[in-house]
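Visitor: Take a look at the following structure, please.
The values are calculated or read from the model by the stated rules, or taken from the named source; none is laboratory data. Note that the structure is a prediction, hence the values are computed from the model and not measured. Note: ideal-geometry Cβ built from the backbone for every residue, glycine included; neighbour counts use all protein chains shown. Side chains included, ligands, DNA and RNA excluded: accessible areas come from the protein's heavy atoms. Shrake-Rupley method; radii C 1.70, N 1.55, O 1.52, S 1.80 Å.
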Amino acid sequence: MKTHPLITVPPIATPLGAMATPHSLFLLFLLLLSTSNAADLRIFHAERHSPTPLDSVLSLARNDPTRLAFLSRKVTSVPVASGQQVMQSSSYVLRAKLGSPGQPLLLAVDTSADAAWTSCSPCSTCPSSSALFLPANSSTYSPLPCSSSWCPQFKGQSCAADSAPSPCTYYQPYGGDAAFTATLSQDSLTLASDVIPNYLFGCVTAVDGSTANLPKQGLLGLGRGPMSLLAQTGPLYQGVFSYCLPSFKSYYFSGSLRLGPLGQPKNIRFTPLLNNPHRPSLYYVNLMAVRVGRLQVPVPPGSFAFDPATGAGTVVDSGTVITRFVTPVYAAIRDEFRRQVNASGGYTSLGAFDTCFSTDEVASAPAVTLRMEGLDLVLPVENTLIHSSATPLACLAMAAAPDNVNAVVNVIASLQQQNLRVVVDAANARVGFAREVCN
């Protein structure tokens, strides 16, 4: 019997105990390949109540500074559960089921988080709009004991030296204004038609502080760490997933999450993923330069350098809304963009955007190209500019890291990823981008 740390694969059996032939094994291999290495799920925006795309972006970006503070930390103090410290951890949710029989949940999707968690019953302080997971109604639910090897990896776990049979309970800060108490647990997780047994997650039973930025029902981590979906599914998805985020102008505003190697785009170029042992969950890439139009903008030496000791570098992140650059880099991009647009009416600021100009001059806006190792990602106009329907303005949809954040990372965020298929191949340490209409 072949075993995964969290998944058991039964031995191959043939009808009536007959010996498996090469042909039958090949057919079985094809069957397993076709049913076990792909899952397609719709992902939806968690909140889009604003009347215009620009209003939506500005509203969703209000928590970018806290997100950037998290991404900029040199070291994650909780390697396994790092995602639980993120405020406004994701703008997107998916439909999943937990337990046996499966109980439907809407889980926030976060590419920079590892550990999954959900609000469990009883919990009188969990977000009021959440539908709580009922462990008592699941025949496959079980809490993990303090003796579990996972338990010591959670900061705030309450196990004493003599409490090995007791459940592993931990207390986790969330952002700057909330914290929750959870029991480390396992149960069957269903994604599309795939059932993942013994999936590890935090069963939240109490929340302290504000629940305004807490995902309503829970979170699914798609990072690179040891408790993420990729780590827990092992050979099922072979360390591969992709997502496609729709335009903020999309009517339905839904995209897709594709798990496993099947169905991924064939004509796609990849760039290597860089490994930061202090921040193992994050998807670092080697951004080497930025072009505005045909001009590569001059930046101070080392502006894009990857440094695990400080956390510096460039991260691809779906939870940040607006692409941010360290201040010298953004200033160079903005100044060259303004020079080429040469807006006759000048520039104004709107929210996080400081380069807004008349829509009459959009035709002169240059393309922005992110030059990474092995590929040039040319951002189309819809990924570079955002328009206001209330006023005849278009804004450069990028910004500098906020002044109150000790930011050392450049972040390629969700607004610049819209209508792109982003393929993460963690098994081969690479990420790729391909154009796709995602709605």
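Visitor: Tally Lys and Arg at +1 and Asp and Glu at -1 over the other residues with C-beta under 14 Å from the C-beta of Glu373: what net charge comes out? If you can, show how the numbers build up before the last one.
Guide: Details: positive: Arg269, Arg371, Arg430; negative: Asp376.
With Lys, Arg at +1 and Asp, Glu at -1, the neighbours total +2.
Visitor: Right, here's the next one. With the other protein chains left in place, how much accessible area per residue, in square angstrom, belongs to the range 304-364 at a 1.4 angstrom probe?
Guide: On the way: 2290 Å² over 61 residues.
For the range 304-364, the solvent-accessible area averages 38 Å² per residue.
Visitor: Assuming R0 = 35 Å, what is the FRET efficiency of Ser389 and Leu295, from their Cβ-Cβ distance, to the nearest 0.05? Mind dumping the intermediate values first?
Guide: Values: r = 31 Å, r/R0 = 0.89.
About 0.65, to the nearest 0.05.
Visitor: Check cross-link reach from Lys155 to the aspartates and glutamates: straight Cα distance under 13 Å, and skip same-chain residues fewer than eight apart.
Guide: List returned: none.
Visitor: Now, a different point. Only Lys, Arg, Asp and Glu count, each charged at its Cβ (+1, +1, -1, -1), so figure out the dipole size of the range 262-384 about its Cα centre, rounded to 20 debye.
Guide: Working: 10 positive and 10 negative charges, 53 e Å.
In debye, rounded to 20, the range 262-384 gives about 260.
Visitor: If the chain between Lys266 and Glu373 were fully stretched, how many nm would it gain, using 0.36 nm times the residue separation less the Cα-Cα distance? Could you put the intermediate results ahead of the total?
Guide: Values: separation 107, 0.36 × 107 = 38.52 nm, distance 1.92 nm.
Between Lys266 and Glu373, full extension yields 36.6 nm more.
Visitor: Starting from 0.36 nm per residue, how many nanometres of slack lie between Ala427 and Ser147 once their C-alpha separation is accounted for?
Guide: Numbers: separation 280, 0.36 × 280 = 100.80 nm, distance 3.00 nm.
Between Ala427 and Ser147, full extension yields an extra 97.8 nm.
Visitor: Another question, then. Work out how far the C-alpha atoms of the range 201-247 reach from end to end along every principal axis, then list the three figures in whole Å, largest first.
Guide: Projected onto the principal axes, the Cα atoms of the range 201-247 cover 38, 31, 14 Å.
Visitor: Contour minus end-to-end for Ser166 and Ala206, with contour as 0.36 nm per residue of separation and end-to-end as the Cα-Cα distance?
Guide: On the way: separation 40, 0.36 × 40 = 14.40 nm, distance 1.81 nm.
That works out to 12.6 nm of additional length.
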